[in-house]
Amino acid sequence: MSQSHSESTDDERESDGVMPTDRRGFLKLGAAGATGAALGPSLSTLAEASSSVDDAVAARTEIADNTGEWRKSTCQGCTSWCSSQILVEDGRALKVQGNEHSLVHGNNDCPRMDLGLQQVYDPDRITQPMKRTNSEKGPQVDPEFVPITWDEAMEEIADKVMELRENEETHKFALTRGRYTYLRHVIYGSMPKIIGSPNNISHSASCAEAEKFGPYYTEGKWSYRQYDVNNADYVLLWGADPIVTNRSVSHYINAWGDMLDNAGTAVVEPRLSAAAAKADEFLAVDPGEDGAVATAMAHVILTEGLWNRDFVGEFTDGENHFVAGEEVDAELFEESENSYGVVKWWNRELKDRTPDWAEEKTSIPADQIERVAKDFGEAGTSAISWVGGGPVMQVRGGYNSMAAHALNGLVGSVGNEGGPMYAPSTGEASLPDPSPYIDDLAQDGIDYPKDHGKGDKIDQRGSKEFPALKKGKSGGGVVTNNAADGILEEDPMEIEMLISYWNNFAFSNPECQRWEEALAKVPFMVSIETHASETAHFADILLPGTHHQFERWGQVKSTGNRRRTINVNQPVLADDPNDPEDVVDNGRVWNVKSSEVEIPYMLAVKLADKGFTNLLDFFEEEFHDPETGLAPSDEYDDWEYRAQAFARNAIKLRLQPMWDPDVDAPEGADDFSSWDEFLEAGCWNSAEWDYRHRWPSEGGEFGTKTGKFEFYSKTLKKALEGHADRHDTDVDDILETCKYQARGEDAFIPHYEEPYITGEESEYPLMFVEHKARYNREGRSANTAWYYEFKDSDPGDVANEDVARFNPVDADEMGIEDGDEIRIESTTGEIECTAKVWEGAKPGTVVKTYGQGHWAYGHRASEEFGEEPRGGNPNRIHPVEYDRLSGSSVTYGDVRVNVEKL
Ligand SMILES: Nc1nc2c(c(=O)[nH]1)N[C@H]1C(S)=C(S)[C@@H](COP(=O)(O)OP(=O)(O)OC[C@H]3O[C@@H](n4cnc5c(=O)[nH]c(N)nc54)[C@H](O)[C@@H]3O)O[C@H]1N2
Ligand SMILES: Nc1nc2c(c(=O)[nH]1)N[C@H]1C(S)=C(S)[C@@H](COP(=O)(O)OP(=O)(O)OC[C@H]3O[C@@H](n4cnc5c(=O)[nH]c(N)nc54)[C@H](O)[C@@H]3O)O[C@H]1N2
Ligand code: SF4
Ligand SMILES: [Mo]
C-alpha cells in the first residue's frame with residue numbers, strides 16, 4: 001500500500017451526523033455510526049499518529065530503496081487494472097505499489113494490490129499439471145488427481161481435439177473464459193475458430209453488461225465510463241462504491257477526499273456503503289426499485305426547468321411546459337441538435353413519475369428525491385450520474401441503466417468538464433487474423449448452430465428468449481450463465497470437450513448448482529487455473545496457470561483522470577523478461593504456464609504432431625518478433641521456450657504502436673523510442689479526453705442511429721425490430737417472451753419496469769442484498785489471510801467471519817443477535833453464516849458480501865477442502881434470472897429469503 005491511502009482518516013473526519021430519515025425509522029448514519037465506533041479520536045491524537053506513521057513509512061521506503069529492483073507490471077485484482085511496480089530481489093517479489101508513470105493513478109494503489117503477493121506465493125496453488133483418475137464427477141466427489149507432465153497433459157488434450165476433428169464434430173468443443181488480458185485473442189479469439197467451434201463464452205454477462213446497455217442505447221457507446229471527479233460539482237452514485245469497488249479504484253480512492261470537499265454527493269443504495277457513509281445524501285432505495293428513482297429525478301429536472309438548453313433545447317415561447325401529469329405539444333419544443341426525443345420521453349413516461357409516486361415504490365422520501373434531483377440539476381454540466389452494477393444487474397435492469405444514464409443527457413454533462421466520459425483512444429494493434437487458417441471442416445463446425453437448435457452458441461444468444469443486444473445486434477452479446485443450460489439441454493449442440501480458463505463458473509454464476517451439473521456432464525474438461533477451485537474440481541486435466549501480475553506477459557488498460565493508459569503485464573520474477581529461457585527456468589514460482597498464449601502454443605505443437613498443423617502454422621507464420629523478424633521456432637527447439645518466445649512476440653506485436661517509433665499511435669502523452677524503454681515505464685499514457693467532442697453542436701457525433709443523444713432510442717428500436725424479424729415476430733412478442741412490461745413505443749424509451757422478485761413474501765420475508773467485499777480480488781483472493789483479517793474494513797462487516805447483517809428492527813423481531821449461526825434460504829438453495837445486527841441494513845433486508853462460501857479453492861477458503869464451505873456463497877441462493885435484453889445475470893433486487901437460527 002502506498003502512503004496515500006487516507007481512508008481511515010476520511011472515516012474519522014466524518015464522525016458527526018446521525019440523522020433519522022425515512023418513515024420506517026431507518027437511520028441515516030455518518031461513518032462513525034456505520035462502523036459502530038464511538039466518538040473519533042481528537043485532532044491531537046491524529047496528528048501524533050500521523051507523525052509516527054510518517055516515520056514508519058520513511059523507514060519502510062528506506063529499506064525498499066536499498067533492496068532489489070522495481071519492475072513494472074499490472075494488477076488485475078479488479079477491473080481497475082492498475083499499472084503497478086514490484087520490488088523484486090533474487091527472483092522473489094517483496095512489495096507492490098502503484099506505478100508513478102501512470103497518469104491515471106500514479107503511485108497510488110488500493111489495499112487489494114498487496115494481496116497479489118499472498119496469491120502468487122499461496123502454497124495451495126496448483127503447482128503442476130494433474131489428471132483426474134476418478135471417472136465419477138460431482139461436488140463432493142474426490143477427483144483423485146495425480147500429477148502428470150506437461151507432455152502427457154497436452155498429449156491427452158490434443159487427442160481429444162483430434163477425435164472431434166476426425167468425427168467432424170468440432171462444434172462440440174467449447175471454451176469458457178473469465179478474467180483475461182488482451183492476449184486473449186490467441187486462446188479465445190482464434191483457437192476455437194481454428195479448431196472449428198463457435199463456442200467461445202466469456203464471463204461478461206455475469207459481470208456488468210447491463211451497465212453498458214444504457215450508455216449504448218442513449219449515446220451509442222458500449223463501454224464503461226470514467227468520471228471527471230476533479231471538476232465535478234455533484235456526484236450521484238447508483239449502487240457504485242468507487243472507493244471500494246467499481247473501476248479505477250486507485251484513482252478515485254485518492255481523489256475522493258478533495259471531491260467531497262468540492263462537490264455534493266448522493267448515493268442510491270439499499271445498504272450503507274463506504275461511499276454512502278461519506279455522502280451528503282443517502283437514498284436508501286428498496287432493492288430493485290432504482291428505475292423509479294431515476295425516472296422521478298428526470299421528472300423533477302424537467303418540471304423545475306433545470307435541463308441544459310444547449311444540450312436538450314428549449315420551448316419556443318421560453319415557458320416551461322413540463323408540468324406534472326400534462327402532455328407537451330412536441331411543436332412547442334425546439335430540441336437542440338445534440339439530443340433526440342425528450343418530449344416523447346416526457347409524454348410517454350416522465351409526466352407521471354412524480355416524487356410521490358416514487359416514494360411509494362422505493363420508500364425513499366419524496367422530498368429527498370426532489371432535493372437531490374434539484375441539486376443535481378443545479379450542478380448542471382458538471383453533475384455526474386454514475387451508474388454501477390447494483391441498479392442494473394437486475395431483472396429488466398437494462399431500462400434502469402438507460403434511465404439513470406439519461407440524467408447526464410438532461411443536464412448536458414455528457415462528455416463534459418466535470419461529467420461522465422469515456423476513454424481517449426489508444427490504438428493498440430490488432431493481433432493477426434486467424435481466418436486464413438480456418439479450414440472447411442472448421443468452418444462447418446463454426447456454422448453448425450445456423451441450422452440446429454437455439455441461438456448462435458452454447459449460451460443460446462440470439463434465440464428468441466435471449467436477445468443479448470450488445471451493440472445493437474441480436475445475439476451480439478454473451479449470456480454467460482445460460483451456457484450451463486445449453487450444456488444440460490444439449491441445445492444447440494452437445495458439448496464433448498470444454499476448456500475453462502481463469503474463471504470459476506461453478507462458484508461465480510447465480511444458481512451455481514446448475515454449473516455443477518453441467519460440468520459433471522461434460523465428458524472431457526480441461527481447467528486452467530491458479531487454484532483448485534470449485535470449477536477445477538470437475539476437470540479431467542488440471543493445468544496450472546501463471547499469476548497475471550508476476551509470471552506472464554499480457555496487456556490491459558486503465559481509465560481515469562481524463563486519460564487511458566495501456567498497461568503491460570510482465571513476468572517480473574525473471575531478471576530478463578525478454579529472455580524465454582530465463583522466464584521458463586527462473587520466472588515462475590511453480591511449473592506453470594500462461595493460459596492465454598503458452599498453453600495454446602503447446603497444444604498447437606501436439607496437434608501438428610498428430611497431423612493437424614493449422615494452429616501451429618498460424619502461430620509460427622503470423623507471430624514473428626517485430627524487432628528480429630524471428631518466428632518462435634527460429635529461436636528454439638524446446639517447445640516450452642518456443643511457447644514463451646511466442647508469448648513475448650504476441651505482446652510486442654500487440655503493443656507495437658506504443659513502443660515502435662516507426663508504427664503510428666494516436667497522439668498521446670508518451671512517445672517511446674524502444675521496447676525496453678516502454679517496459680521500463682510499464683505503461684503508455686493517452687492524451688487527455690477532449691471535452692464535448694462528441695456533441696453534434698461541437699462538430700461531433702454520438703454513435704446512435706440519429707447521431708444524437710437519444711432520450712427516445714431509435715437505436716434500440718432498430719435492434720429490437722432486428723431481433724423480432726429474425727424470429728418472424730413483432731417487438732411486443734419479444735418483450736413478452738423476455739419478461740418485460742413495456743409494449744409498443746414505450747420499449748424504446750428509458751422507463752420504469754417493476755422488478756419481479758423470486759419467493760413469496762409470506763414465506764421469504766426479507767430481501768437479500770449483497771455487495772462485493774473490499775478485499776475481493778474478484779473471486780480470487782478467498783485463500784489469502786489478509787482477506788479475512790481485514791474484512792471489517794467494509795462498513796458493518798466483521799474480521800474473520802462471514803456475516804449477514806440485519807437492521808435492529810428485524811433482528812429484534814426475529815430474536816437474532818450478533819454471533820448467532822444462521823441459515824439463509826431462498827427457493828433456490830440455502831447457505832449458512834453468522835448474524836450481525838447493523839443499522840446500515842435497511843429494514844426488511846439482509847445484507848451480505850459476495851466472496852466467501854468456497855467448498856474448494858484452498859485450505860483457508862473452505863472449512864474443509866472439497867467438503868465443507870467456509871461461509872456462504874450468495875450464488876447458491878440467487879435464482880437464475882436475467883436482464884435478457886443485455887444477456888446479464890442478476891444478482892441485485894432479485895430474491896427474497898427467510899432466515900433461521902441454527
Ligand atoms: N453473486 C455474485 N456473483 C458474482 C459477482 C457478484 O458480485 N455477486 N460478481 C460477478 C463479476 S463482476 C465477475 S467479473 C465474475 C467473476 O467470476 P469469474 O470470471 O468466474 O472469475 P473468478 O471467480 O474471479 O475466478 C477466477 C479463477 O481464475 C483462477 N485464477 C486466478 N488468478 C489467475 C491467473 O492469473 N491466471 C489464470 N489462468 N487463472 C487465475 C482462480 O483459480 C479462480 O478460480 O463473478 C460474477 N459473479
Ligand atoms: N473490492 C472489489 N472491487 C472490485 C471487484 C471486486 O471483486 N472487489 N470486482 C471488479 C469487477 S469484476 C466489477 S464488474 C466491478 C463492479 O463494480 P460495481 O458495478 O460498482 O458493482 P458491485 O461492486 O457489484 O456493487 C454493487 C453495489 O450495488 C449495491 N446494490 C445492491 N442492490 C442494489 C439495488 O437494488 N440498487 C442499488 N442502487 N444498489 C444495489 C450493493 O450494495 C453494492 O454496493 O467492480 C470491480 N471492483
Ligand atoms: S484497484 Fe483493483 S487493479 Fe487497482 S490496485 Fe486495487 S485491486 Fe489492483
Ligand atoms: Mo466483473
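The values are calculated or read from the model by the stated rules, or taken from the named source; none is laboratory data. What you are looking at is a predicted structure, and each value in this text was computed from that prediction instead of being measured. Every residue, glycine among them, receives a Cβ derived from its backbone with ideal geometry; neighbour counts consider all protein chains shown.
Data for the structure
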| read-out | value |
| --- | --- |
| Index of the failed condition, residue 310 passing every other in (1) outside any helix (DSSP H, G or I); (2) within 18 Å of residue 697 (Cβ to Cβ) | (1) |
| Of all residues making up the range 92-113, the number that are away from ligand 3 (no atom under 12 Å from the Cβ) and in a strand (DSSP E or B) | 4 |
| Scope the range 780-790; condition outside any loop (DSSP other than H, G, I, E, B), in contact with a Phe, Trp or Tyr (Cβ under 7 Å, 6 or more places away or on another chain) and surrounded by fewer than 23 Cβ atoms within 10 Å (Cβ to Cβ); matching residues | 786 |
| Count - residues of the range 817-831 that are assigned to a strand (DSSP E or B) and surrounded by 14 or more Cβ atoms within 10 Å (Cβ to Cβ) | 6 |
| Residue match in the range 605-619 (condition: within 34 Å of the chain's Cα centre (by Cα) and without any contact (Cβ under 8 Å) to a residue 24 or more places away in the chain) | yes |
| Selected residue (only one of 587, 545 is in contact with a strand residue (DSSP E or B) (Cβ under 8 Å, 6 or more places away or on another chain) and at pLDDT 95 or above) | 545 |
| When residues of the range 847-872 are limited to those that are within 15 Å of ligand 2 (Cβ to nearest atom) and part of a loop (DSSP other than H, G, I, E, B), the one surrounded by the most Cβ atoms within 10 Å (Cβ to Cβ) | 861 |
| Checklist (1) away from ligand 2 (no atom under 11 Å from the Cβ); (2) buried (at least 20 other Cβ atoms within 10 Å of the Cβ); (3) aromatic (Phe, Trp, Tyr) applied to residue 775, failing item | (1) |
| Unique match (being small (Gly, Ala, Ser) and touching a residue at least 40 places away in the same chain (Cβ under 8 Å)) among 829, 819 | 829 |
| Conditions (1) away from ligand 4 (no atom under 16 Å from the Cβ); (2) closer than 19 Å to residue 567 by Cα; (3) touching a residue at least 24 places away in the same chain (Cβ under 8 Å); (4) surrounded by fewer than 20 Cβ atoms within 10 Å (Cβ to Cβ); number of the one not met by residue 87 | (3) |
| Number of positions in the range 161-214 that are within 16 Å of ligand 3 (Cβ to nearest atom) and either in a loop (DSSP other than H, G, I, E, B) or within 18 Å of residue 613 (Cα to Cα) (or both) | 6 |
| Candidates 475, 409, 418, filtered to the one that is of a type in the set (Gly, Ala, Ser), away from ligand 3 (no atom under 16 Å from the Cβ), within 25 Å of residue 176 (Cα to Cα) and at pLDDT 95 or above | 475 |
| Residue in the range 388-395 that is crowded, with 23+ Cβ neighbours inside 10 Å, touching a Leu at 6+ places or on another chain (Cβ under 9 Å) and of a type outside the set (Asp, Glu) present | yes |
| Single condition residue 336 does not satisfy, out of (1) within 16 Å of ligand 2 (Cβ to nearest atom); (2) in contact with a strand residue (DSSP E or B) (Cβ under 9 Å, 6 or more places away or on another chain) | (1) |
| Long-range neighbours under 8 Å by Cβ, at least six apart or interchain, first residue closer than 19 Å to residue 575 by Cα and at pLDDT below 85 within the range 55-81, second within 16 Å of ligand 3 (Cβ to nearest atom) and not in a helix (DSSP H, G or I) | 64/87; 64/95 |
| Residues that are in a helix (DSSP H, G or I) and either within 14 Å of ligand 4 (Cβ to nearest atom) or among the aromatic types (Phe, Trp, Tyr) (or both), drawn from the range 873-895 | 875 |
| Residue satisfying condition, being surrounded by fewer than 22 Cβ atoms within 10 Å (Cβ to Cβ) and at pLDDT below 95, within set 667, 680, 698 | 667 |
| Residue 116, sole failed condition from (1) closer than 22 Å to residue 569 by Cβ; (2) away from ligand 3 (no atom under 16 Å from the Cβ); (3) in a helix (DSSP H, G or I) | (2) |
| Single residue of the range 315-373 satisfying the filter (small (Gly, Ala, Ser) and in a loop (DSSP other than H, G, I, E, B)) that is nearest to the chain's Cα centre (by Cα) | 363 |
| Residues satisfying the stated conditions in the range 385-422, i.e. within 16 Å of ligand 2 (Cβ to nearest atom), in a loop (DSSP other than H, G, I, E, B) and hydrophobic (A, V, I, L, M, F, W, C) | 392, 393, 395 |
| Qualifying residue in the range 183-190 (condition: out of contact with any Leu (no Cβ under 6 Å at 6 or more places or on another chain), more than 23 Å from residue 484 (Cα to Cα) and within 15 Å of ligand 1 (Cβ to nearest atom)) | yes |
| Selection count where residues are within 16 Å of ligand 4 (Cβ to nearest atom) and touching a strand residue (DSSP E or B) at 6+ places or on another chain (Cβ under 9 Å), scope the range 91-117 | 1 |
| Residue 232 within 16 Å of ligand 3 (Cβ to nearest atom), in contact (Cβ under 8 Å) with a residue 60 or more places away in the chain and under 30 Å from residue 715 (Cα atoms) | no |
| Sole exception among (1) part of a helix (DSSP H, G or I); (2) within 16 Å of ligand 4 (Cβ to nearest atom) for residue 158, by number | (2) |
| Failed item in (1) within 13 Å of ligand 2 (Cβ to nearest atom); (2) in contact (Cβ under 8 Å) with a residue 40 or more places away in the chain, with residue 267 passing the rest | (2) |
| Top-ranked residue in the range 72-124 [being within 12 Å of ligand 1 (Cβ to nearest atom) and β-branched (Val, Ile, Thr); ranked as farthest from residue 204 (Cα to Cα)] | 120 |
| Qualifying position, being of a type outside the set (Gly, Ala, Ser) and surrounded by 23 or more Cβ atoms within 10 Å (Cβ to Cβ), among 299, 321 | 299 |
| Some residue of the range 765-783 being more than 16 Å from ligand 4 (Cβ to nearest atom) and of a type in the set (Ser, Thr, Tyr) | no |
| Only one of 527, 594, 558, 633 that is polar (S, T, N, Q) and within 16 Å of ligand 4 (Cβ to nearest atom) | 558 |
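Yes or no, residue by residue, for (1) within 16 Å of ligand 1 (Cβ to nearest atom); (2) within 17 Å of the chain's Cα centre (by Cα); (3) surrounded by 24 or more Cβ atoms within 10 Å (Cβ to Cβ):
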| residue | (1), (2), (3) |
| --- | --- |
| 212 | yes, yes, yes |
| 222 | no, yes, no |
| 252 | no, yes, yes |
| 260 | no, no, no |
